[in-house]
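Structure first, then comments.
Computed from the coordinates by the stated procedures, all read-outs in this text should not be read as laboratory data. These numbers were taken from a predicted model, which means no experiment stands behind them. Here Cβ is always computed from backbone atoms with ideal geometry, including for glycine, and neighbour counts include all displayed protein chains.
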Amino acid sequence: MFRKIRIFLEMIKIEHTLFALPFAFMGAILGSMVVNGTFPTWMQIMWVLLAMVGARSAAFGLNRMIDQAIDGKNPRTAMRAIPAGLLKNGEVVIFIIVSFVLLFWASSNLNVLSMQLLPIAVFMLVLYSYTKRFTWLCHVVLGMTIGLAPLGGWVAVTGSMDWTAIVLYVTIVFWTAGFDIIYACQDLEFDQEEGLHSIPSRFGLIKSLNIAKFFHIITAIGFLALLLMTDLSWWYGAGMLITYGILFYEHYIVSPNDMSRVQTAFFTMNSVLSLVVFTFTLIDLAVK
């Protein structure tokens, strides 16, 4: 049983929760302070957490199911659980259903707007896995999907959306799309051979890395806009300086001549970035 649990956790890349979960909490806390003037309750945080677990697990399960034939051909992904025969399709289907039930249950315990927007979230979760088959904008679609984490956190505790929430959403959209382009550079040749669509397969390595830089410039502008649009102050500003340093370093260690540190740029740097932004936002709001 424990071996099976470990395989499921590996399938959904549980360690990658560090990407989106801090931003979901940031959206909840910042939204509650901006709209309600108080921190969210612990019960609201719990439901946000459960909704994130359900959404993220369903998304990864769907992606692995939909992409199993492609993953089996790619040497980098051939040992993933489904193509390697470690999990059966039926087991993954049950896992996806349970994950969606968890998402629906958590959303129903938040507010009406959370439930009304749920079909959009589910649509985006399903859509992303198919986009590499027909558009090189798949990275942006992934960003639009992961960006729902902070937007969902905001809606979950406020029952509303405003321009600050939209700016936070767009910021995370381009942050995600930027690092996903870098990650996709690993599969440039495979994607071209298989006729799959991505920015690297469409524009080549050098242009793709430049596009990723441009996307992260938009991210940097978005974080600055949040400082100007809210009561966030110097603690948040200090966190932004660290964040900008992380973004710069992420692109510094990856170049057309040296792609050996893509995993560091993808996982380590982005995990640290999300934790830094959330932590300094929390401190800023807590000391007011």
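How much net charge surrounds Thr219 when only the other residues with a Cβ under 12 Å from the Cβ of Thr219 are counted, with Lys and Arg +1 and Asp and Glu -1?
Working: positive: Lys213; negative: Glu250.
Net of charged neighbours comes to 0.
For every other residue with a beta carbon closer than 14 angstrom to the beta carbon of Pro75, add +1 if it is Lys or Arg and -1 if Asp or Glu, then tell me the sum.
On the way: positive: Lys73, Arg76, Arg80; negative: Asp71, Asp187, Glu189, Asp191, Glu193, Glu194.
Local net charge: -3.
For Rg and Dmax of the Cα atoms in Å, one of (i) 18.7, 59; (ii) 18.8, 55; (iii) 17.5, 54 was computed from the structure I shared and the rest are decoys. Which label?
So the calculated entry is the one marked (ii).
Could you calculate the contour length gain from Lys88 to Thr41, that is, 0.36 nm times the residue separation minus the distance between their Cα atoms, to one decimal place in nm?
On the way: separation 47, 0.36 × 47 = 16.92 nm, distance 3.97 nm.
So the extension gain works out to 12.9 nm.
Stick to the Cα atoms of region 241-288, pair each with every other, and give me the Kirkwood hydrodynamic radius in Å at one decimal.
Final number for the Kirkwood radius of region 241-288 is 11.7 Å.
Once you sort the root eigenvalues of the Cα gyration tensor of region 59-205 as a ≥ b ≥ c, which label holds: rounded (a/c under 1.5), prolate (a/b larger than b/c) or oblate (the other case)?
The shape class here is oblate.
Given the pairs Lys4/Lys73; Lys13/Lys207; Lys73/Lys132; Lys13/Lys88, which span a C-alpha to C-alpha distance of over 21 angstrom in this model?
Result: Lys4/Lys73; Lys13/Lys207 exceed 21 Å.
Gaussian network model of the chain, Cα springs within a sub-10 Å range: biggest mean-square fluctuation belongs to which of Ile218, Ile206, Ile246?
Result: Ile206 has the largest fluctuation of those listed.
Among Val101, Val140, Val48, which one shows the biggest mean-square fluctuation in a GNM of the chain, springs joining Cα atoms closer than 10 Å?
Among Val101, Val140, Val48, the largest mean-square fluctuation in the Gaussian network model of the chain belongs to Val101.
Among the helices of the chain (complete DSSP H runs), which have Cα atoms covering no less than 24 Å along the helix axis and a Kyte-Doolittle mean of at least -1.0? Show your work: numbers first, answer last.
Values: long enough: 42-66 (36 Å, 1.08); 89-108 (28 Å, 1.87); 112-131 (30 Å, 1.73); 163-184 (31 Å, 1.59); 205-229 (36 Å, 1.78); 234-252 (27 Å, 0.39); 269-286 (25 Å, 1.76).
Going by DSSP H runs, the hits are 42-66, 89-108, 112-131, 163-184, 205-229, 234-252, 269-286.
Sort region 1-113 into rounded, prolate or oblate with this rule: let a ≥ b ≥ c be the square roots of the eigenvalues of the Cα gyration tensor; rounded if a/c is under 1.5, and if a/c is not under 1.5, prolate when a/b is larger than b/c, oblate otherwise.
Note, shape of region 1-113 comes out prolate.
Anyone know which of Leu30, Leu188, Leu241 comes out most mobile in the 10 Å Cα GNM of the chain?
Maximum fluctuation in the GNM of the chain, among the listed residues, is at Leu241.
Compute the FRET efficiency between Met229 and Met115 as 1/(1 + (r/R0)^6), taking r as their Cβ-Cβ distance and R0 = 22 Å, and round to the nearest 0.05.
0.20
Among Ser57, Phe8, Ala238, which residue has its Cα furthest toward the positive end of the charge dipole of the chain, with +1 on Lys/Arg Cβ and -1 on Asp/Glu Cβ?
Phe8
So between Ile66 and Leu127, what do we pick up on full extension, going 0.36 nm a residue minus the alpha carbon distance? Each step should come with its number before you reach the end.
Numbers: separation 61, 0.36 × 61 = 21.96 nm, distance 1.05 nm.
Residue separation times 0.36 nm, minus the Cα-Cα distance, leaves 20.9 nm.
Gap in Å between the Cα centre of region 274-288 and the Cα centre of region 1-74?
After rounding, the separation between the Cα centres reads 20 Å.
Multiplying the sequence separation of Tyr252 and Arg6 by 0.36 nm and subtracting their Cα-Cα distance, what value in nm do you get?
Here the answer is 85.1 nm.
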